[in-house]
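Just so you know, all these numbers are worked out from the coordinates, no wet-lab data involved. As the structure is a computational prediction, the values presented were derived from the model and not from experiment. Positions of Cβ are backbone-derived with ideal geometry, glycine not excepted, and every protein chain shown enters the neighbour counts.
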Amino acid sequence: MTPTDDLVRAVQRNCDISDARHAGNFTLCIFLLKMREHYRWEKRLPFSATLAKEDVGDWLAERETLWNAIEDDEFLDIPTAGGICNPFDGTNINTALLPDSLVYSAGYGRYLKPHFFVGDLLRRESHEGLEILVSGREHARDMAAPAAMLQGTTVFVRQESIRREAWSHIEEWQWHKQDGALGRAMRTFGDHLAPDDLLERVTGAETETAILHELGEAMAGNLLGPRWNELYFSRSCGRTEIITRAVRDLLADALSTLPGLLQRDHPPALHYYFANLRGMRRELSPELVAAYDQWAASGDLSPLRDAAAHGADRWHQAAHAILDMHQSDPDTWSEKVAETFGLA
């Protein structure tokens with residue numbers, strides 16, 4: 001069912017306000033990449049379409065003018081059949097929307113940027129006390145559009161975002177044809193397939209991996225307690241947030257994602273996981289990369305099983321060390337975190 005125009009307008013305006021306030025958090029390169037994909041989404045253009053630089057430039061100038069006008073606006077309440085709701089009251093909004101096969105989410109991502117979206121509901125299931133909602137076509141979204149988020153006891157998985165990222169990896173592989181995790185993933189998913197068929201296969205597998213990760217986030221949350229969320233609302237530099245998020249992600253993966261992938265024995269998804277292990281997560285876990293390389297060379301999964309089991313303890317201890325630094329000295333904990341991980 002298509003959501004009402006009033007609801008879509010309200011959600012999209014909140015997305016635009018969030019973008020206006022937080023676009024400066026991104027480096028210029030990342031900003032331009034995200035805005036190009038946001039333009040593609042808004043214009044409903046296929047991934048294979050070539051974007052005209054002039055059209056994108058004109059659209060971006062209009063968007064920045066809009067941002068300047070609304071940056072200081074308050075977020076709008078959301079009109080639903082059940083009444084007017086605060087935009088962060090996802091529970092009551094979804095109570096009204098889910099019977100019509102629509103799903104809504106509101107939460108905070110990196111740099112405390114609010115994320116909103118409303119989309120079509122594809123799947124609804126439960127797992128160990130968590131509700132899992134998988135969405136398809138999105139009717140309103142912001143420029144960042146994270147692929148999955150855990151909000152309370154609800155996991156939101158956004159297939160549009162997963163599909164968009166999967167296409168970028170397929171293009172990367174088509175351009176460079178490099179060996180490594182991405183090349184192995186594409187070959188085992190089926191490099192003989194037509195691009196659209198390959199995209200659907202990757203998207204389906206990555207949807208299940210995203211669910212595993214968010215289940216791990218819930219497990220990590222139970223281990224770390226409410227103090228962890230205080231880290232994100234304290235004053236910390238951007239690098240410290242990147243480190244703390246990477247530690248939490250690695251803990252979630254050691255608890256759920258990797259054990260789940262290993263149990264499923266699905267090599268394409270496992271290769272694709274390591275193709276996505278980039279940035280700070282990769283920098284902090286060279287032993288995990290080494291275990292993957294051993295498996296890729298020998299076919300023996302035992303090094304990966306050992307690395308996942310060791311990682312569950314290691315990242316649990318690392319996360320608690322970060323909590324202790326924050327509790328003992330809230331003013332300088334950021335510097336201590338970077339020093340602890342050799343990243344000062």
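Given Leu112, Pro87, Ser48, which one lies farthest toward the positive end of the charge dipole of the chain, if we put +1 on the Cβ of every Lys and Arg and -1 on the Cβ of every Asp and Glu?
The residue sitting most towards the positive pole is Ser48.
Just in segment 129-183: which trypsin sites (Lys or Arg not before Pro) are loop by DSSP and have at most 11 other Cβ atoms within 10 Å?
Details: sites: Arg137, Arg141, Arg158, Arg163, Arg164, Lys177; in loops: Lys177.
Listed in order of number, the matching sites are Lys177.
Report, in whole Å, the centroid distance computed from the Cα atoms of segment 251-287 and segment 9-61.
After rounding, the separation between the Cα centres reads 30 Å.
Taking the Cβ-Cβ separation of Glu125 and Asn222 as r and a Förster radius of 22 Å, what is the calculated FRET efficiency to the nearest 0.05?
Numbers: r = 20 Å, r/R0 = 0.91.
So, using R0 = 22 Å, E works out to roughly 0.65.
Want the number for Arg137 to Ala61: 0.36 nm per residue separation, take away the alpha-carbon distance, what's left? Present the calculation step by step, with values, prior to reporting the outcome.
Working: separation 76, 0.36 × 76 = 27.36 nm, distance 2.62 nm.
Using 0.36 nm per residue and subtracting the Cα-Cα distance, I get 24.7 nm.
Which helices, counted as full DSSP H runs in the chain, have an axial Cα extent of no less than 15 Å and a Kyte-Doolittle average of -0.5 or above? Working shown, then result.
Numbers: long enough: 5-22 (25 Å, -0.87); 28-42 (21 Å, -0.15); 53-70 (25 Å, -0.69); 159-176 (25 Å, -1.66); 195-224 (42 Å, 0.00); 238-252 (21 Å, 0.14); 286-298 (18 Å, 0.01); 302-328 (39 Å, -0.64).
Helices passing the filter in the chain: 28-42, 195-224, 238-252, 286-298.
If R₀ is 51 angstrom, what is the calculated FRET efficiency for the pair Thr188 and Asn25, using the beta carbon separation as r and rounding to 0.05?
Details: r = 36 Å, r/R0 = 0.71.
Efficiency at R0 = 51 Å is approximately 0.90.
Report, in listed order, any pair from Lys34/Lys336; Lys113/Lys336; Lys113/Lys177 with a Cα-Cα distance greater than 27 Å.
Values: Lys34/Lys336 32 Å; Lys113/Lys336 25 Å; Lys113/Lys177 35 Å.
Over 27 Å Cα-Cα: Lys34/Lys336; Lys113/Lys177.
Using just the helices of the chain, give the 222 nm mean residue ellipticity in deg cm²/dmol: DSSP H runs with n ≥ 4 each add -39,500 (n - 2.57), and the total is spread over all residues, rounded to 500. Can you show the working numbers first?
Numbers: 15 runs with 209 residues, N = 344.
Calculated mean residue ellipticity at 222 nm is -19500 deg cm²/dmol.
Suppose every Lys and Arg Cβ carries +1 and every Asp and Glu Cβ carries -1, with no other charges. What dipole size does the chain come out with about its Cα centre, to the nearest 20 debye? Present the calculation step by step, with values, prior to reporting the outcome.
Numbers: 35 positive and 53 negative charges, 99 e Å.
In debye, rounded to 20, the chain gives about 480.
Considering amide H positions built from the backbone, and no H for Pro or chain starts, which residues 5 or more places from Leu76, or on another chain, come under 5 Å of its amide H?
Amide H to amide H, under 5 Å and 5 or more residues apart or across chains, Leu76 pairs with Asn14.
Sort out for me the Cα centre separation of segment 65-118 from segment 297-323, rounded to whole Å.
Value for the Cα centre distance between the two parts: 37 Å.
Restricted to Cα positions, what overall size does segment 179-340 have along the principal axes? Three whole-Å values, descending.
55, 31, 27
Within segment 145-228, report the chymotrypsin sites (Phe, Trp or Tyr not before Pro) that DSSP leaves as loop and that have at most 10 other Cβ atoms within 10 Å. Please report the intermediate quantities before stating the final value.
Details: sites: Phe156, Trp167, Trp173, Trp175, Phe189, Trp228; in loops: none.
Sites meeting the loop and neighbour criteria: none at all.
So which trypsin sites (Lys or Arg not before Pro) in segment 235-344 end up in coil per DSSP with only 15 or fewer other C-beta atoms within 10 Å? Write out the running numbers ahead of the final one.
Values: sites: Arg235, Arg239, Arg245, Arg248, Arg264, Arg278, Arg281, Arg282, Arg305, Arg314, Lys336; in loops: Arg235, Arg278.
Of the trypsin sites (Lys or Arg not before Pro), the ones in loops of segment 235-344 whose Cβ has at most 15 other Cβ atoms within 10 Å are Arg235, Arg278.
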